[in-house]
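The values are calculated or read from the model by the stated rules, or taken from the named source; none is laboratory data. None of these values were measured; they are calculated from a predicted model. Positions of Cβ are backbone-derived with ideal geometry, glycine not excepted, and every protein chain shown enters the neighbour counts.
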Amino acid sequence: MTPQETNEKSLNRLIRAIRLSSGEFSLILAFANMNQLRKEFRGLPFPVVLWGNDPALERFARVAPDFRTWAGSATRFESEEPELLEALRHNAEPLIASAMGTDESGPKRFG
């Protein structure tokens, strides 16, 4: 199979996974050789948030240093307290709609 055929098959699999998870949480992993493709992400019309812990951030900085420096400083949260989780749930849809330009109201405030 040629690289182009492999990529087309992978893209179709990714599209199918996104469609099947519509309306519910799904963790979908996609990967390529991440430092060579950084420039391709500049055209996305929305932000991408990678959520992880300290060891994940350290590893990310080690294996994809140009992505790590491109992202700037990381936003740190304390342990996942129930209030934080509720605030994330409460704000997720308005934040996504706002980031995608489909909602004028923007995110709701914590508390």
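Going through region 58-96 one residue at a time, which ones are in a loop (DSSP other than H, G, I, E, B) and of a type in the set (D, E)?
E78, E80, E81
Quick check on region 53-93: of everything there that is touching a helix residue (DSSP H, G or I) at 6+ places or on another chain (Cβ under 7 Å) and not hydrophobic (A, V, I, L, M, F, W, C), which residue is nearest to F25 (Cα to Cα)?
So, considering only residues that are touching a helix residue (DSSP H, G or I) at 6+ places or on another chain (Cβ under 7 Å) and not hydrophobic (A, V, I, L, M, F, W, C), the one nearest to F25 (Cα to Cα) is R68.
Any residue at all in region 1-20 that's part of a loop (DSSP other than H, G, I, E, B) and over 22 Å from R89 (Cα atoms)?
Yes, region 1-20 contains a residue that is part of a loop (DSSP other than H, G, I, E, B) and over 22 Å from R89 (Cα atoms).
Restricting to region 32-63, give me the number of residues that are under 27 Å from N7 (Cα atoms), modelled with pLDDT of 75 or more, more than 15 Å from the chain's Cα centre (by Cα) and surrounded by 10 or more Cβ atoms within 10 Å (Cβ to Cβ).
Residues in region 32-63 being under 27 Å from N7 (Cα atoms), modelled with pLDDT of 75 or more, more than 15 Å from the chain's Cα centre (by Cα) and surrounded by 10 or more Cβ atoms within 10 Å (Cβ to Cβ): 3 in total.
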